[in-house]
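The values are calculated or read from the model by the stated rules, or taken from the named source; none is laboratory data. Since the structure is predicted, the reported quantities are computational estimates derived from the model, not experimental observations. Cβ: placed from backbone, ideal geometry, glycine included. Neighbour counts: every protein chain shown.
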């Protein structure tokens, strides 16, 4: 794996200074785009919080599945990241690098099963 690929992979779960406002969206099979604003420290945390909110609010009949692409738009500084839901699930199931990250993943997994 090249250096650029390594940086790209770690950008999804690397922490940023303080939570940032993010707008996370996906397009359902009917072509409707759904979005929600969350505050998160990483792209994967933003994606997980958004999926939990999409499931909680019930505005969409289409569920988020392994092939779903989530778009995470960080508001400031403005950046956009595309995450496949299956990659998010793999990250959530992997071991955390620290007790804090392990606790974060456990919390996010619980939110997704509510």
- Task: Filter the range 95-105 down to residues that are surrounded by 12 or more Cβ atoms within 10 Å (Cβ to Cβ) and modelled with pLDDT of 90 or more and give me whichever is farthest from residue 19 (Cα to Cα).
- Result: 102
- Task: State whether one or more residues within the range 10-17 are farther than 18 Å from residue 82 by Cβ and either assigned to a strand (DSSP E or B) or modelled with pLDDT under 90 (or both).
- Result: yes
- Positions within the range 58-74 being modelled with pLDDT under 85 and closer than 22 Å to residue 20 by Cβ, in sequence order: 64
- Meets criteria (at pLDDT 65 or above, assigned to a helix (DSSP H, G or I) and either over 17 Å from residue 80 (Cβ atoms) or touching a helix residue (DSSP H, G or I) at 6+ places or on another chain (Cβ under 8 Å) (or both)) for residue 53: yes
- Under 8 Å by Cβ, and 6 or more places apart or on different chains, what pairs join a residue from the range 96-108 that is under 17 Å from residue 39 (Cβ atoms) with one that is at pLDDT 90 or above and surrounded by 12 or more Cβ atoms within 10 Å (Cβ to Cβ)? 104/45; 108/45; 108/48; 108/49; 108/52; 108/92
- Message: Quick check on residue 105: is it in a helix (DSSP H, G or I), farther than 23 Å from residue 27 by Cα and touching a helix residue (DSSP H, G or I) at 6+ places or on another chain (Cβ under 8 Å)?
- Response: yes
- Out of the range 56-84, which residues are in contact (Cβ under 8 Å) with a residue 40 or more places away in the chain, within 14 Å of the chain's Cα centre (by Cα) and outside any strand (DSSP E or B)? 68
